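Structure first, commentary second.
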Amino acid sequence: MSRTDWLGYHNSGPASPHFYPMPDASAPPDAHAIGPLDLVEYPHPALLRRAKPLARLDDAIADAVERMFEIMYTAEGIGLAANQVALPYRIFIVNCSGRRGEGEEHVFINPVLSRPRGTAIHEEGCLSLPGVRMDVRRPSKVVVDAWTLDGEPIHFDIDGLMARVVQHEFDHLEGRLFTDRLPEAAALEVRSALDEFREVFAGKQSRGEVPVDTALVAELDRLEAARCRA
Ligand code: NI
């Protein structure tokens, strides 16, 4: 082997390891790790911030989605958004039957809603606001485009319960809860319940049962930097 080949100048094959970019030493080894997931309640900062589009899919995301289904079925929900388990990604899952092995499981990655039509009023609740149920007005039909975990495009024109759940979960990705969609009188009605949730959450933080907001936000920033576009 000539010296020039060794340097890689005349070598059309794989580059010599000497020419690979220096690994980013500033990235901690667990930069991409996703810790154990649990349902979070209002006002956890993950619920109040807009989730970012996923730029990469990896095994940790597939595992997280599997865990989201477990959490959703255990809590007897029919939909769950990633930020409800403190993941700042644009992912939500739906199974209108609410039972494993029944109905259809759907995973929506980087979803986009379009063509809202009609109006329907229906009672909603949220796993992040247990006990609160209110009538919410929404378009009765909507189109959703998204990606599956396998990177296949999804395109559904939906109505009924499916349209209701998809819009509720999409709101989560925007950092919005169904209580943000109430008319004034109903909003006043839930205000004390929301105040109570805030007191409970602050109490857990003051006792050290839940990290303080700056730590929670730092973890969301880390997860976002690992898998989202800048
Ligand atoms: Ni919800």
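Here, each number is a calculation from the coordinates, and none is a lab measurement. Everything numeric in this text was worked out from a predicted model, so none of it was measured. All Cβ positions, glycine included, derive from the backbone under ideal geometry; neighbour counts span all protein chains shown.
Worth pointing out:
- Distance (nanometres) between label positions extended 7 Å along Cα→Cβ at ASP157 and VAL217: 4.4
- Separation between Cα centres of the range 51-111 and the range 157-178, rounded to whole Å: 13
- Mean projection area, nm², convex hull over Cα of the chain: 16.9
- For the chain, the longest principal axis of the alpha carbon atoms and the long axis of helix 184-206 meet at an angle near 50°.
- Between LEU194 and SER114, full extension at 0.36 nm per residue minus the direct alpha carbon distance yields a gain of 25.8 nm.
- Selection from ALA86, GLY160, TRP147, by position along the positive dipole direction of the range 8-224 (Cβ): GLY160
- Relative to the dominant Cα principal axis of the chain, helix 213-227 is inclined by about 50°.
- DSSP assigns beta bridges within the chain; of those with both partners inside it, close to 95 percent run antiparallel.
- In plain terms, the chain from ARG176 to GLU105 could stretch by 23.2 nm, reckoned as 0.36 nm per residue minus the Cα-Cα distance.
- The chain: angle of helix 59-74 to the longest principal axis, Cα-based, in degrees nearest 10: 20
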